[in-house]
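The values are calculated or read from the model by the stated rules, or taken from the named source; none is laboratory data. No experiment lies behind these values; they were computed from the predicted model shown. Cβ: placed from backbone, ideal geometry, glycine included. Neighbour counts: every protein chain shown. Just the protein is used for accessible areas: all its heavy atoms, side chains included, with ligands, DNA and RNA removed. Shrake-Rupley method; radii C 1.70, N 1.55, O 1.52, S 1.80 Å.
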Amino acid sequence: MKNLHLVCNAHIDPVWLWEIEEGVAETLSTFRIAADFCENYKGFVFNHNEALLYKWVEEYDPELFGRIQKLVSGKKWHIMGGWYLQPDCNMPSGESFVRQILLGKKYFMEKFGVEPTTAINFDAFGHSRGLVEIMKKANYNSYLFCRPEPDMLGLPGDDFRWEGFCGSTIAAHRAYNSYESHRGEADEKIKGWMSRNEDRGTGLVLWGIGNHGGGPSRVDYEKISRLNGENAEWNILHSTPENYFRELLSNTADLPVYSGILNPRYTGCYTSQIKIKMLHRKVENELFVTEKMFSHVAMDGFYEYPKNRIEKAADDLMLLQFHDILPGSSTPEVEEYSINLAGHALEELKRLKTKAFLALCTGQEKAEEGMIPIMAYNPHPYPISGVFECEFQMADQNKNRELFAMPIVFSHGEKIPSQVEHESSNFNVDWRKKSVFAATLQPNSMNRFDIKLIMIQQKPDFGLKVENGKIKFSNGEIEVEIDSRTGTIDRYARDGFNFIKGGAFLPIVITDDDNSWAHKEKNFRRVEGSFNPMSLEEGNHFSGIIDKPVDSIRVIEDGEVRSIVETVMKFNDSFLCQRYYLPKHGTEIKVTTKVYWNEKMKMLKMSIPTSLPDSEFVGQTAYGQEKLLANGDEMVSHKWNIVSDGTRAVSLINTGTYGSDCLDGELRATMLRSPGYSAGKSDFSERDIYLMPQDRFSPYIDQGEHDFEFYFNAGKASERFIEVEREAQVKNEKPMLLSFFPNGKGKEPERIVEALTHGIVIAAIKKSENEKAYVFRVFNPLKERIDARLKFPAAGKEIIVPLKGQEFKTLLMDTGTWEIKEADLLERELAQ
């Protein structure tokens, strides 16, 4: 007889249509029922994953936890998957996926002595191809998932080998007809699978009441037992994912290989509840920067590495990535909880980061009389050239209305390009200053700048003006034209080539609906209209200007470092303020957009028509770059996108958006969508033709104020692909700047690492989980093989790390001997 492996599980969402305390309660109830089943029914095996849920049981019901430990030991209860929880599998960074696995497996090995080898993500809305290499390096040999379903994505079979970016493959199985079964209907699901798979040699079916817990039921178990007795072809086994893959791989010589993306599914979730997505990115960035800074501090002997406090913030991040939090498919109450969760992590990290920063100022000389020091820490192992800004307080208020205190910035005694811009506050006195300067920060070190104040007659006037309906800007490297009638960029030229068609950075409004997920939508292309500049009266009212009228498109800053052009625009009941930051040196344009969004069932996109038709569309994903569809379908990616014709390319970096599309060379970055909260439909039944109530007010997602930040660049395709990964890392994991007067004591800390090979990045530097080593995660984002040269000044070492295209490796540096060895993602040394 052929074996049909039944995997009983109870899908439990910690939050979704309910809040966290209900998730805890349902976990305890479901696990009790499952434990009873395991103890009372011979041959039955219960499968469950997610370390977070087991932590809840350990805390709130220790007796039940002890029962589960015994059941696991007796192979009646199977620890499935091994991750911290089932996260969204599109939007977390590659390093976040590493932590989901590391924190999950560490817990299960400590508490149960087991390490799963099949990873599972049943309810994720698509899967990043970068997961393949991550799972392989975390000691997984197989992957079990449900989405996208066959009607959304064709695959070479239910069983296949999924190929990652650098050639690794992992056995994968797309489960039949979801992860759950309804009460009393599990046997019908099994019969349905049998009727469709008569020619298979082995099979797998997931069953168990799910979403809000449940698991096995007596009626289902009894029906399955009867079916097993009646069936002559299949031996129905209560089993585990590992058992299925063990049999599959032992009996199948060659599985078909699939090298594409496991998307799309629920494309609206790439953007819904953008507040959570932007906070998620911020927590990721702050966690990784804080780890790098405190590793530097601890390796130099200032403080002990605060492992427990950092892990608390990491736990918050893991929960924030849950597949109904990060995708934005939960209720308003869960959204508020998630915002608070992110705030808890950010507050903890801010305290640690500040402590590390001040320690890293050790060895800096005291400030000279009349000088104001600005300290700038670069957490990255490579130099950063760019525009930096820092606010500081003058020693006293300038009470002379005839004079203006002008900050001049010096580096190592030499004056560098700088300008003063309006500070964040509006205190009506010459006292608080915002200094902006162009500089290069040396790698992995504290960089010092000194400010001297000089008194001048008045703040310098702007040289950039509106002329003949255009604002024309040139710095010798790029030429930019902004149309004063539309507020958009009509020209961005480099080396004589205009990379845009015109009308770039136009906020366009797309017709959408009230479904939080966008159930079966593959694209959002129905343009309803666009934001346009306000009239003089509207613009001044929106801007809070009550003195002499100011045009709705205007220059608001201009100096040695940059010019800033501002435009205010409206669409229906929504308004925005968009600013273009034009550099006096370099080719990168920064664009910020503050939106006051009051639209329902609509989507906001930033349109950038390029002069590169028939181009490929590429986006960053988890430890890799993915070629995306360029047919207008909604795609998901991380910190950057590139549109390239093979010779030339434009890049767009973001600091918290994930959705985008591209068609005929036009890149559209998705910023907002406003469906209802948790507004969807069941695959099994509907109770009304409308999703949203038609007899009362209902809140819609992402109404109100939002801030976006983009960085646009263009040039040779080879240059853009080499530079964009580091640029995106710096724009997200920003250097820390602070006005601080050091005490002049101590010795300046040595750098802990420098990446001497251009293009590679170090994604993580942290203390190992056993606290016996420091972890360095080095990544080659390019498609070409690289021998990465790494220098460790504090340890007095320099090594070569061979990396295939889009490969990452984990290095361990012993805290006692400074010896460096390669490790897997569970921080275990690899055999040499």
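Observations, loosely collected:
- Candidates 161, 183, filtered to the one that is of a type in the set (D, E, K, R), at negative phi and in a strand (DSSP E or B): 161
- Residue 68 vs. criteria part of a helix (DSSP H, G or I), in contact with a strand residue (DSSP E or B) (Cβ under 8 Å, 6 or more places away or on another chain), open to solvent by less than 10 Å² (accessible area, probe 1.4 Å) and more than 30 Å from residue 657 (Cα to Cα): yes
- Check on residue 208, touching a helix residue (DSSP H, G or I) at 6+ places or on another chain (Cβ under 6 Å) and within 23 Å of residue 86 (Cα to Cα): no
- Any hit, the range 679-694, residues being touching a helix residue (DSSP H, G or I) at 6+ places or on another chain (Cβ under 6 Å) and modelled with pLDDT of 95 or more: no
- Only one of 626, 666, 616 that is of a type in the set (Asp, Glu), in contact (Cβ under 8 Å) with a residue 24 or more places away in the chain, farther than 16 Å from residue 278 by Cβ and open to solvent by less than 20 Å² (accessible area, probe 1.4 Å): 626
- Some residue of the range 720-736 being over 17 Å from residue 383 (Cβ atoms), in contact with a Leu (Cβ under 8 Å, 6 or more places away or on another chain) and either in a loop (DSSP other than H, G, I, E, B) or not charged (D, E, K, R) (or both): yes
- Summed over the range 669-686, the residues that are crowded, with 19+ Cβ neighbours inside 10 Å and either in contact with a Pro (Cβ under 9 Å, 6 or more places away or on another chain) or in a loop (DSSP other than H, G, I, E, B) (or both) give a count of 7.
- Residue 146, sole failed condition from (1) in contact with a His (Cβ under 8 Å, 6 or more places away or on another chain); (2) within 25 Å of residue 622 (Cβ to Cβ); (3) not acidic (Asp, Glu): (1)
- The set of residues from the range 736-780 being open to solvent by 60 Å² or more (accessible area, probe 1.4 Å) and within 30 Å of residue 805 (Cβ to Cβ) comprises 751, 756, 758.
- Residue list for the range 305-345, filter: assigned to a loop (DSSP other than H, G, I, E, B) and either on the phi > 0 side of the Ramachandran plot or open to solvent by less than 10 Å² (accessible area, probe 1.4 Å) (or both): 321, 323, 324, 325, 326, 327, 328, 329, 330
- Screening residue 38 with (1) out of contact with any strand residue (DSSP E or B) (no Cβ under 6 Å at 6 or more places or on another chain); (2) without any contact (Cβ under 8 Å) to a residue 40 or more places away in the chain; (3) hydrophobic (A, V, I, L, M, F, W, C) gives one miss only, at (1).
A quick yes/no check of all residues on (1) more than 26 Å from residue 272 (Cβ to Cβ); (2) free of Cβ contacts under 8 Å to residues at least 60 places away in the same chain:
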residue	(1), (2)
89	no, no
108	yes, yes
124	no, no
141	yes, no
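Results for (1) closer than 30 Å to residue 77 by Cβ; (2) among the acidic types (Asp, Glu), shown as yes or no for each residue.
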| position | (1), (2) |
| --- | --- |
| 268 | no, no |
| 283 | no, no |
| 288 | no, no |
| 302 | no, no |
| 306 | no, no |
| 317 | yes, no |
| 328 | no, no |
| 347 | no, yes |
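- Hits in the range 629-646 (condition: open to solvent by 20 Å² or more (accessible area, probe 1.4 Å), in contact (Cβ under 8 Å) with a residue 60 or more places away in the chain and assigned to a loop (DSSP other than H, G, I, E, B)): 639, 645, 646
- Test: residue in the range 287-304 that is small (Gly, Ala, Ser) and surrounded by fewer than 18 Cβ atoms within 10 Å (Cβ to Cβ): yes
- From the options 185, 149, residue that is open to solvent by 20 Å² or more (accessible area, probe 1.4 Å) and touching a helix residue (DSSP H, G or I) at 6+ places or on another chain (Cβ under 9 Å): 185
- Count - residues of the range 799-819 that are farther than 14 Å from residue 623 by Cβ and either small (Gly, Ala, Ser) or free of Cβ contacts under 8 Å to residues at least 40 places away in the same chain (or both): 9
- The residues of the range 159-178 that are in contact with an Asp or Glu (Cβ under 7 Å, 6 or more places away or on another chain), touching a residue at least 60 places away in the same chain (Cβ under 8 Å) and not hydrophobic (A, V, I, L, M, F, W, C), listed by number, are 164, 169, 173.
- Selected residue (criterion: nearest to residue 365 (Cα to Cα)) from residues of the range 739-753 that are out of contact with any strand residue (DSSP E or B) (no Cβ under 6 Å at 6 or more places or on another chain) and of a type in the set (D, E, K, R): 745
- In the set (1) over 23 Å from residue 175 (Cβ atoms); (2) part of a helix (DSSP H, G or I), residue 18 fails one condition alone, (2).
- Filtered by the rule that a residue be among the hydroxyl-bearing types (Ser, Thr, Tyr) and without any contact (Cβ under 8 Å) to a residue 60 or more places away in the chain, the range 179-215 gives 181, 195.
- Whichever residue in the range 707-727 is aliphatic (A, V, I, L, M) and touching a strand residue (DSSP E or B) at 6+ places or on another chain (Cβ under 8 Å) and, among such residues, is surrounded by the most Cβ atoms within 10 Å (Cβ to Cβ): 714
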